[in-house]
Every structure is written in structure tokens, then in C-alpha cells.
1. Local charge sum around Leu362 (other residues, Cβ-Cβ under 15 Å, Lys/Arg +1, Asp/Glu -1)?
2. Tell me, what ³J(HN,Hα) does each residue in the range 200-206 have, in order and in whole Hz, if you take phi through Karplus 6.51 cos²θ - 1.76 cosθ + 1.60 with θ = phi - 60° and put x for Gly and Pro?
3. Give me a comma-separated list of calculated 3J(HN,Hα) values for the range 99-113, in order, Karplus coefficients 6.51, -1.76, 1.60 applied at θ = phi - 60°, integers in Hz, x for any Gly or Pro.
4. Could you tell me which label, among (i) 0.99; (ii) 0.96; (iii) 1.12, carries the value of Rg/Rh (Cα atoms, Kirkwood Rh) calculated for this structure?
5. Out of the trypsin sites (Lys or Arg not before Pro) in the range 252-304, which ones are loop residues according to DSSP with at most 14 other C-beta atoms within 10 Å?
6. What is the distance in Å between the Cα centres of the range 299-333 and the range 45-112?
7. List the residues whose amide H sits under 5 Å from the amide H of Arg59, counting only those 5 or more places along or on another chain, with H placed 1.01 Å from N in the peptide plane.
8. Longest segment of the chain with no chymotrypsin sites (Phe, Trp or Tyr not before Pro) in a DSSP loop having at most 12 other Cβ atoms within 10 Å?
Amino acid sequence: MLAWTSLSAEVSVSVEDSVTAEIPLDSIEVSILTCTPGKDMYAKFGHTALRVRDYTVHRDVVFNYGCFDYNANNFVLKFLLGQTDYLLDAEEFEFLKYRYGMLGNGVSEQVLNLNKEEANKLLALLLENLRPENQEYRYNWLYDNCTERARDVIEKAVDGKIEYAGVVEEDVTVRDMLHKCLEQSPWVAFGIDLILGEEIDRKADKRIMMFLPDVFKTESDGAYIARSNGERVKYIAGRSVVLEDTNGPDEAYMLGTPLFLFSLLLLCAVGLSLQEFKKKRNTVWLDVTMHIFQGIAGLVVAFLFFFSIHPAVDSNWLVILFNPLPLFYAGWLLYCHKKGTKNLLSYVNLAVTAGFLIVMCLCPQSFNIAMWLVVLSLLVRAMVQAHFAYHGCKQSNRFAQR
């Protein structure tokens, strides 16, 4: 969590008194800081913060709505449940600049074209939000994140309405936007597609699109402030680059992508099946392995589907196929193989897998291409299991008649 600065002590006094009595109205400048994506998972989409400079008392502070405490009780469980509380914190601008410089991330700045009353009100709102009793908020990655908090607090301070540029591509979904950000991180994209459902496949409106820092930056660049007195001015007064991004894009190696690995899985499933048909003997090592991994992934999907309040996880059609039941089915396969008994549950498995493939074609959710390969692999093996169960049953009847 970001270090506290002496600014935290200032909020113990009246915000309005401190602003009006100690800070000249025309000395405050507020900027939007947009940070480029980082290597860590939580930094993959970039970050937004607000910079406030007071040229009279030489204060240069960054207000950051994206802080959280790793050491909080049950942090991982609360995060999975969607019950994570984020914080507004503040630090000296030089600290932020040093930290992002060490990480190699870029930072760009957009100076807001606020009049002195608006700038003063914005600082008052930030200081009020910085109070210990106000600084926590329930984080929502899509509808109430650090970028949207920064946008909303600026809108509260403006005397009028902000008319955003409207230059972001229309007729896109949140999933489209996430995929564009994750072009060089195919496994992260696959994981997101695994846990997020139909909700992010609906057409996103302009306001929801600004959950991404880069979109908010782009929309702000061409925006105007329509003030209540009829005045209409540009939203951004100036732009600069604070830090250049020195990381460069991640390299996506073809041999390590989900598409490549699950293509191999499908080939392996087909090849093993042909070999089994030829030898008229069923093996279960691949099936057990696949169903174990299916069940493990299903534990995550089902947990989020039934218990989490994160957006989009409760509209995930994958829960039909990815749930804990395959773990039990893997055990059943081993039992049948060891005892030499017929696997009658293979018919149920085949019906569910084939039915879900039809669901994938008809439902409004978009699925990762690699997921189609996974389902096809499961279907191939389900057909093999059902085939041997059926012919094993016919063979037993023949022996009984003799």
C-alpha cells in the first residue's frame, strides 16, 4: 500500500476552512495522470491518478484511488468474493515518479482546464475523501474502479457538465476491449474468458468504456466543459509526458499460447482415440487427467458463479461444463477401469458435453477460441468412453446368451 504523506494529517481540520484560509484559489493546478500497463496482473490495464500542485506552498501531491492492503484479513477470499475494499491514498509526486520509473512504466499528464473555484472544490472533495472514515470504498473492476473514481470526482467539482469526445470505437463489447489490451498476454485473456460471462459481451456504452485508463485519457483529450453560465471550454489545458515507457510490449510466444497447447490436446485426443479403436482397448489416463483439470477449473468458475459479486461472473455459461462434478467423474473412471465394470455414466457425460457444444453455438456469450478446442477434446473422449461402454454392454449380453 502506498506510503502516507503529511497530507493525511491535514484532513483532521475542516476541509473548507483549510482550503479557503490557507490555499490561494488561483495557485492550484490539477492533472490526470495515466500510467501505462505493467507486468503484474493487477497492472495489466494501466492506472489513473490525480495530481494536485499548489504553487504557493509548493505542494505536489498525487491522489490515488487504486490502493489496497495485501495484508488485510482474508484478502484473497474477499477478492474472489468481490468484497475487496480499495483506498484513496496520497503521496508526493516525486515518490510516484520514482516508483514508476523503477518499474519502467510510462506516465502521461493532462492538465485540467479548471477555473479557480472548480480546482478549489476538487481539492476539497479529495481531502474529504482522504479522511480515514471516507477513504475506503468497495472496489468494482468494471463499474467503480480507480479510473472511474477519478473521473467522477472531477465531474462533481465542475460547474456544469463534461462533454466527452466520443471518439472511442462504437459497437464494441467489454470483452473486445479486454482482448485488445491483452493481445500480448494470451493466458491472461484465456483466464478472463474462463471466468467472465455473457454480461461483458453486451455492447458497452461510452461511460462504461472509460473503466480503462487509456479510454478515459482518449475521451478526456477531446472533451469540453459546458459550464452552467453557458461557457464552453476545452477540458484539457495542456499535455506532457512525465515518464517514457521503457518496458516495451510483452512477447507472446506461439508455442506457449493456449491456442497452440489446446490444439495439441485435441490432436492427442483424436490420435489416442484412433489407436484405441484399432486395438479395441480403452485407456483412461488422458481422460482422468482432462477431467481433473476440468474439475479444478470448474471449482473456480462455480465458486465465482454462485458466491462472488464481481460483475459478469454470474452470467458465465461455462459453469454448465466447468464445475466440480468432473472431479468425481475422474474418480469414477478410475474405479470402472480398475474393476473392469461398464462406465454407464459415459452416456451422461457425452450428452452433457455434446449439449454444451450446442449451447456454445447458440448462447449470447463469446468463447475463447482455445476453449472451443478444449470442449472438442472433451467431446472426442466422451464419444470414446460411450463407445466402449456400449460395446462392452453388447459383449456381455452375448456371453450371457451363450
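1. -2
2. Using θ = phi - 60°, the values come out as 8, 9, 8, 4, 8, 7, 4 Hz.
3. 5, 5, x, 5, 7, x, 7, x, 9, 10, 10, 10, 7, 6, 8
4. Structure-derived value, by its label: (iii).
5. Sparse-neighbourhood loop trypsin sites (Lys or Arg not before Pro): Lys280, Arg281.
6. 34 Å
7. Those qualifying (amide H under 5 Å, at least 5 residues apart or on another chain) are Asp54.
8. 254-402
The values are calculated or read from the model by the stated rules, or taken from the named source; none is laboratory data. Everything numeric in this text was worked out from a predicted model, so none of it was measured. Backbone-built Cβ (ideal geometry, glycine too); neighbour counts: all protein chains shown. Accessible surface is based on the protein model in full, side chains and every heavy atom, while ligands, DNA and RNA are left aside. Shrake-Rupley method; radii C 1.70, N 1.55, O 1.52, S 1.80 Å.
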